[in-house]
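Input: a single structure, listed below in structure tokens.
Read-outs: derived from the displayed coordinates by stated rules, not from any lab. Since we're looking at a predicted model, the values are computed, not measured. Positions of Cβ are generated from backbone atoms using ideal geometry, with glycine treated the same way; all protein chains shown enter the neighbour counts.
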Amino acid sequence: MKKNKTPKPLNFSTGWDYAPAPESTDHIKLEKQYDLFIGGKFVKPSGGKYFDTINPATEKKLASIAIAETKDVDKAVQAARKAYDTVWGKMPGAERSKYIFRIARMIQERAREFSVIESMDGGKPIRESRDIDIPLAANHFFYYAGWADKLNYAFPNRKPSSLGVAAQIIPWNFPLLMAAWKIAPALATGNTVVLKPAETTPLTALKLAELIRDSGLPDGVVNIITGAGNTGAAMVGHTGVDKIAFTGSTDVGKLIQKSIAGTNKKLTLELGGKAANIIFEDAPLDQAVEGIINGIFFNQGHVCCAGSRLFIQENVADIVIRKLKQRMETLIIGDPLDKNTDIGAINSKEQLQTILKYIQIGKNEGADIYQSSCSMPAKGFFCKPTLFLNTSQSHRIVQEEIFGPVLTIQTFRTIEEVIEKANNIPYGLSAGVWTDKGSKIFNLTSRLRAGVVWANTYNKFDPTSPFGGYKESGFGREGGLHGLMPYLKF
Ligand code: NAI
Ligand code: MG
């Protein structure tokens, strides 16, 4: 009888060899130059100025993008006001819903093109833009299309009505998805929109503008303008705006809040984060390690709810850290358009410099650094997945948002200690808990000061569930029924 051979253990340290599997780019259509989408048409910027958007993985220019000046912002707000007064504000919900539904369908139809452009303009792996960003963006429109004619059921006896014109400013980490998070609930509730994407990632928003034009949505209901912080500030300061929705840095969020004090403008802010990901000794450890990887290295750590502070219960710390390092060795960093890539490019040179600055700060603070030994592309903005061990609460790398693939690790003994440490931070956007015990999960979900607490999973999103923060992570909720409220008055 043949003896069963003991299987050889997998040698993770060498990883796997994968043949390159790049997604093709021949099916996408990009213009050389993009103007401002105002009143249903692309129009030239009044100052005639443009800036470049580049591919952060190759540092090559993708297109010239118009800079909207105060005059253009005014034009966009006026177009939105006109559309609100004459068409959209009066349209029955059931009719609005058909348009929103059509936008969702069209995003699905063009999903492949959107995914490739998202990865080229922002640097995220195609696997993520294809499987997460674009499908979730379509789902957001589907979901809010469903609410448009049911607002009276959502808020019974409260007579909800729309606000008017919403100015929406979004960041570069989930460009199309953030546009969907902002536009879909605003349209469902009967508001019109002026949206500005981030300056490093304007392309999918501009492709969305083309799609919206093709969808037959009445002119001026959605206006998409481009530019940097000055354009954003002009939107915030415009007197014709009723509502401001902002996602981005805490510093700019605070500026916006100050600048609209004393006005009637409604505001929602979704700002930074520094989430605790907490692993208890009774957690399914392999699953938890996947969750840690997904929580911080997913999208290069450009995630406001990234699980950037890891807390491991002391008696399993050694084994979790060992498994984590092994798993990090298998991560592939490189071409965002390659389907095998786990970690793509950092969104911009500036953001890479910020991350590298924090890595230096961590070293200077005396924490132990560990980086995976993966090969790095010669061109473009890339950063190795990085761990900082032996960190403490007072370290800047533990307190401040890095927004990159950098994880700090602390250990704990008791549940009280970890709650105290997890909450001892200016932010409160999200957290993760890994344990076999349901009562522990409930204890933590009620005591962690975080808008979202994931249990035995991480970074799971769904249009039906609300998302938003505590403390310096901002206020107001996006997603779900809650996400309708910031766009309504009662
Ligand atoms: P940012 O807050 O400057 O940019 C976000 C958006 O706000 C962009 O569209 C930008 O053009 C616009 N903006 C900039 N200044 C403005 C102003 N004065 N008024 C109105 N709009 C303005 O963020 P940035 O500089 O790209 O990233 C800096 C840090 O912010 C990151 O390192 C990260 O820590 C954090 N961040 C957090 C995000 C989140 O999702 N919560 C997203 C992006 C960045
Ligand atoms: Mg770009």
Among Arg110, Arg322, which comes first, second and so on when ranked by fewest other beta-carbon atoms within 10 Å?
Arg322, Arg110
In degrees, nearest 10, range 0 to 90: what is the angle between the Cα axis of helix 317-329 and the longest Cα principal axis of the chain?
60
Could you give the dipole magnitude of the chain about its Cα centre, charging the beta-carbon of Lys and Arg +1 and that of Asp and Glu -1, in debye to the nearest 20?
720
Sort Cys305, Cys374 so the one with the fewest other Cβ atoms within 10 Å of its own Cβ comes first.
Cys374, Cys305
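Packing-wise, with mean Cβ within 10 Å as the measure, how do 468-475, 257-264, 120-127, 376-383 rank, highest first?
120-127, 468-475, 376-383, 257-264
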Could you tell me the center-to-center distance, by alpha carbons, between the range 211-272 and the range 355-424 in angstrom?
33
For the chain, what is the relative contact order in percent, using Cα pairs closer than 8 Å and at least 6 residues apart in sequence?
18
Please compute the Kirkwood hydrodynamic radius over the range 276-455, one decimal place, Å, based on all pairs of different Cα atoms.
16.4
Going fewest to most other Cβ atoms within 10 Å around each Cβ, Val289, Val316 line up as Val316, Val289
When only alpha-carbon atoms are used, what values of Rg and Dmax, in angstrom, describe the chain?
22.9, 86
What percent do you get for the relative contact order of the range 276-455 when only Cα pairs under 8 Å and 6+ apart count?
29
Highest mean first, what order results for 68-78, 175-185, 222-232, 206-216 on Cβ atoms within 10 Å?
175-185, 222-232, 68-78, 206-216
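Which value, in debye to the nearest 20, describes the size of the charge dipole of the range 280-381 about its Cα centre when Lys and Arg Cβ atoms bear +1, Asp and Glu Cβ atoms bear -1, and nothing else is charged? Don't skip to the answer; put the middle values down first.
On the way: 10 positive and 13 negative charges, 88 e Å.
That gives the range 280-381 a dipole magnitude of about 420 debye.
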